[in-house]
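The values are calculated or read from the model by the stated rules, or taken from the named source; none is laboratory data. Please read these numbers as outputs of a predicted model, since none were measured by experiment. Don't worry about glycine lacking a Cβ; one is built from the backbone with ideal geometry, like all the others, and counts go over all protein chains shown. Please note that ligands, DNA and RNA were not included when accessible areas were found on the heavy atoms of the full protein model with its side chains. Shrake-Rupley method; radii C 1.70, N 1.55, O 1.52, S 1.80 Å.
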Amino acid sequence: MRRSIGRRMAVAAGALALAACAQQETKVETVNPTDPELVVIGERADARSRAKAHTDLAAAYYELGNMGVALEEIRYALAADANYAPAYNVQGLVYMDLKDTQAAQQSFNRALQLTPNDPDLLHNYGWYLCQTGRENESISLFMKAIAAPLYRAPSKSYAAAGQCTLRRASDSQQLAQAGEYFERALRLDPNNVTALLSYADLQYRRDRVRDAQQLLARFHKLVEPTAASLWLGIRIERRIGDRAAESAFATQLRRRYPNSDEYRDLLQGKFE
């Protein structure tokens, strides 16, 4: 689940400002000019700082959806330090969004060679695998990321594991497993919007419509409605039989997302 546009722009703009400041800073090294070893150490530290600054900028532009500039910043980062793993990580995400799976795979492979146990990298690569039909492999990577002692976002990985489990779900046991992942995500972070919306959709599919309704209401309290969330709201209220609520969701979908696939399905009456 992507952030709402306003929140994404605010976060990314802040990251751009911070990265730009970092890029402008000059690292002062106290070295003896006659000591070549210390000079080399200082040069390497400076190169790593420049690589980080450009990678931070790339990540911010990626959040804003400006993939061209993001790739340019990655090029600068890798020119400064060709072994800076986070740069390859962001590069993989950009290529994934651009649907260039071969380039994304190469970027993630290089990042994994450099930092094979980095939990953020494991999560991102897991999500790439999920998007490219390798869901079973993705689940193991999410679990490996969650097991990392210093990982700061286990809720995110549990939510992703739930989504990827749903992609391959063919029976009630797999649906139950996806539900367990979403429940774990929400226990760790009750405001995980990805887990809330995905779990609401799952509960709807399991005909637990009141549970789905409550989860969706929590989602809408946290972020602006998406086309997917409004479409789910329409179908939930239709199944419950609340025509007024169904109509209200439909009106929002028409006003906010008239060109969406969800609105086209509404017009064609494809509710299931």
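Below are the figures for this structure:
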| quantity | calculated |
| --- | --- |
| Around P190: net Lys/Arg minus Asp/Glu count, Cβ-Cβ under 13 Å | +2 |
| Relative packing of peptides 227-238, 138-149 - highest average C-beta neighbours within 10 Å first | 227-238, 138-149 |
| Rounded, prolate or oblate (a/c below 1.5 giving rounded, otherwise prolate when a/b exceeds b/c) for the stretch 143-239 by Cα gyration tensor | oblate |
| Accessible heavy-atom area order of L216, L222, L71, highest first, probe of 1.4 Å | L222, L71, L216 |
| Residues of type aspartates and glutamates that K144 reaches as a straight line, Cα spacing below 13 Å, ignoring anything fewer than 8 places off in the same chain | D118, D120 |
| Local net charge near L57, Cβ-Cβ under 13 Å (Lys/Arg +1, Asp/Glu -1) | -1 |
| Solvent-accessible area per residue, Å², over the stretch 163-272 with all protein chains present [probe radius 1.4 Å] | 54 Å² |
| Neighbourhood net charge (10 Å Cβ-Cβ; Lys/Arg +1, Asp/Glu -1) for S157 | +2 |
| Proximal lysines relative to K221, as straight alpha-carbon distance under 24 Å, when same-chain residues fewer than 8 apart are discounted | K156 |
| Protection proxy ranking of 53-59, 167-173 - average other beta-carbon atoms within 10 Å, highest first | 53-59, 167-173 |
| Three-way shape call for the stretch 92-143 based on the alpha-carbon gyration tensor, with the a/c threshold at 1.5 | oblate |
| Most to least packed among 178-187, 84-93, 241-250 [average Cβ atoms within 10 Å] | 84-93, 178-187, 241-250 |
